[in-house]
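**Q** A single structure is presented below for examination.
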Amino acid sequence: MAMKVTMLPDAEQRPRHVAIGTFDGVHLGHQAVIDGADTVLTFDPHPLSVIHPERAPRLITPFEVRRDLIEGLGVRELVVIPFDTNFSHIAAEDFIRQVLIEKLDAHRVSIGENFNFGAKARGTPEMLRSHSEFETRVVSMIEVDGAIVSSGRIRGLVEAGDVAEARRCLGAPFMVEGPVVAGERRGRELGFPTANQLPDPALVVPGHGVYATFANGVPAATNVGVRPTFESELGLLIETYLIDRDEDLYGQNLRVAFVERLRGEERFDSAEALIEQMRRDVEDARRICAGFAGTGP
């Protein structure tokens with residue numbers, strides 16, 4: 001059964017096991033909080049973008065990817081709070097009473113141990129536990145390689161190009177999604193036609209380099225950068241070559257899953273040297289994607 005997506009004002013009252021959080025990235029810690037819940041209660045946009053825009057992070061996952069990742073966990077309903085200034089002023093106790101009890105009829109509530117809620121973030125796990133109307137489940141932080149898994153850690157890994165370590169924290173590859181835009185058609189001239197995407201400035205982007213990826217499920221090689229071998233006015237681009245495919249994807253939506261970094265972005269002395277390196281990159285990406293196919297992108 002497909003997961004239902006409901007805006008909070010439209011939610012019907014029914015007994016629920018509710019997992020609450022922003023869940024940017026839907027990483028291993030988030031998955032532990034969501035485990036066993038039939039309803040996920042989240043916020044859109046990110047609360048910090050409303051409360052403290054200057055401190056708002058670049059997001060790991062746009063809403064559409066976050067929705068699909070949550071659906072993949074077997075959740076029955078995603079309830080979205082349209083977060084705005086008015087909602088940011090709701091006191092923690094009012095949030096519990098009006099949203100969790102009266103609106104959602106929560107019988108069980110799951111949160112991470114570091115989750116706070118309500119105006120000025122005064123809502124705590126202890127406050128939830130003090131309510132007998134529902135059972136409170138507080139989930140401890142998850143560690144990978146002795147360090148806490150957090151959205152902040154994953155952002156740092158992605159920006160550094162360490163998508164393999166980010167994948168270990170996420171439990172799945174980091175993904176970007178967006179429409180394919182017109183490029184300079186230089187890839188086609190070189191024998192490697194690419195589907196080009198402009199990075200969304202609100203989202204985290206992998207560090208400059210070449211990566212083994214899957215594009216809409218197809219093995220691919222992706223370059224993130226500014227193409228230093230040639231003069232270009234396009235700036236930062238995500239350029240994806242679908243291996244053994246030649247499709248015109250212009251205008252279509254493309255979801256690119258980053259599996260492993262192959263190398264940093266380089267400037268080459270000639271187009272011929274670049275082409276030779278691109279051949280090696282494609283073969284490396286083909287091999288890595290073939291080995292990864294058992295777990296899927």
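**Q** Given the criterion among the basic types (Lys, Arg), surrounded by 16 or more Cβ atoms within 10 Å (Cβ to Cβ) and at pLDDT 95 or above, identify the matching residue among 227, 280, 261, 287.
**A** Working: 227 fails: at pLDDT 95 or above; 280 fails: surrounded by 16 or more Cβ atoms within 10 Å (Cβ to Cβ); 287 fails: surrounded by 16 or more Cβ atoms within 10 Å (Cβ to Cβ).
On inspection, the qualifying residue turns out to be 261.
**Q** Another question about this same structure. Looking at region 136-146 only, could you name the residues that are charged (D, E, K, R) and part of a loop (DSSP other than H, G, I, E, B)?
**A** 145
**Q** Taking region 117-128 as the search range and keeping residues that are on the phi < 0 side of the Ramachandran plot and surrounded by fewer than 14 Cβ atoms within 10 Å (Cβ to Cβ), which one is nearest to the chain's Cα centre (by Cα)?
**A** Result: 122.
**Q** Going by the conditions given, is residue 111 over 30 Å from residue 164 (Cβ atoms), outside any loop (DSSP other than H, G, I, E, B), of a type in the set (A, V, I, L, M) and at pLDDT 95 or above?
**A** Numbers: over 30 Å from residue 164 (Cβ atoms): no; outside any loop (DSSP other than H, G, I, E, B): yes; of a type in the set (A, V, I, L, M): yes; at pLDDT 95 or above: yes.
In short, no.
**Q** If you don't mind, there's one more thing I want to ask. Looking only at region 264-277, filter to residues that are farther than 17 Å from residue 209 by Cβ and either of a type in the set (Asp, Glu) or in contact with a strand residue (DSSP E or B) (Cβ under 7 Å, 6 or more places away or on another chain) (or both); which one of those is surrounded by the most Cβ atoms within 10 Å (Cβ to Cβ)?
**A** The initial filter retains those residues of region 264-277 that are farther than 17 Å from residue 209 by Cβ, namely 269-273, 275-276.
This time we only want the ones that are either of a type in the set (Asp, Glu) or in contact with a strand residue (DSSP E or B) (Cβ under 7 Å, 6 or more places away or on another chain) (or both), so: 269, 272, 276.
Numbers: 269: 8, 272: 10, 276: 12.
So, considering only residues that are farther than 17 Å from residue 209 by Cβ and either of a type in the set (Asp, Glu) or in contact with a strand residue (DSSP E or B) (Cβ under 7 Å, 6 or more places away or on another chain) (or both), the one surrounded by the most Cβ atoms within 10 Å (Cβ to Cβ) is 276.
**Q** Given the conditions (1) of a type in the set (Val, Ile, Thr); (2) assigned to a helix (DSSP H, G or I); (3) at pLDDT 95 or above, report the number of the one that residue 65 does not fulfil.
**A** All conditions pass for residue 65, except number (3).
**Q** May I pose another question? Here are some conditions: (1) among the β-branched types (Val, Ile, Thr); (2) part of a helix (DSSP H, G or I); (3) without any contact (Cβ under 8 Å) to a residue 60 or more places away in the chain. Residue 40 meets all but one. Which one does it not meet?
**A** Condition not satisfied by residue 40: (2).
**Q** Of the residues 133, 93, 126, 54, which single one is acidic (Asp, Glu) and part of a loop (DSSP other than H, G, I, E, B)? Before the answer, list the steps.
**A** Numbers: 93 fails: part of a loop (DSSP other than H, G, I, E, B); 126 fails: part of a loop (DSSP other than H, G, I, E, B); 54 fails: part of a loop (DSSP other than H, G, I, E, B).
Every option except 133 fails the conditions.
For (1) assigned by TED's automatic domain parsing to the domain that holds residue 207; (2) among the hydrophobic types (A, V, I, L, M, F, W, C); (3) closer than 30 Å to residue 166 by Cβ; (4) surrounded by fewer than 21 Cβ atoms within 10 Å (Cβ to Cβ), each residue gets a yes or a no:
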{"position": "20", "(1), (2), (3), (4)": "no, yes, yes, no"}
{"position": "25", "(1), (2), (3), (4)": "no, no, yes, no"}
{"position": "36", "(1), (2), (3), (4)": "no, no, yes, yes"}
{"position": "100", "(1), (2), (3), (4)": "no, yes, no, no"}
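**Q** In this structure, does residue 192 turn out to be closer than 30 Å to residue 246 by Cβ and surrounded by 21 or more Cβ atoms within 10 Å (Cβ to Cβ)?
**A** No.
The values are calculated or read from the model by the stated rules, or taken from the named source; none is laboratory data. Owing to the predicted nature of the structure, the values given are computational and were not obtained by experimental measurement. Ideal geometry is used to build each Cβ from the backbone, glycine not excepted, and the neighbour counts take in all protein chains shown.
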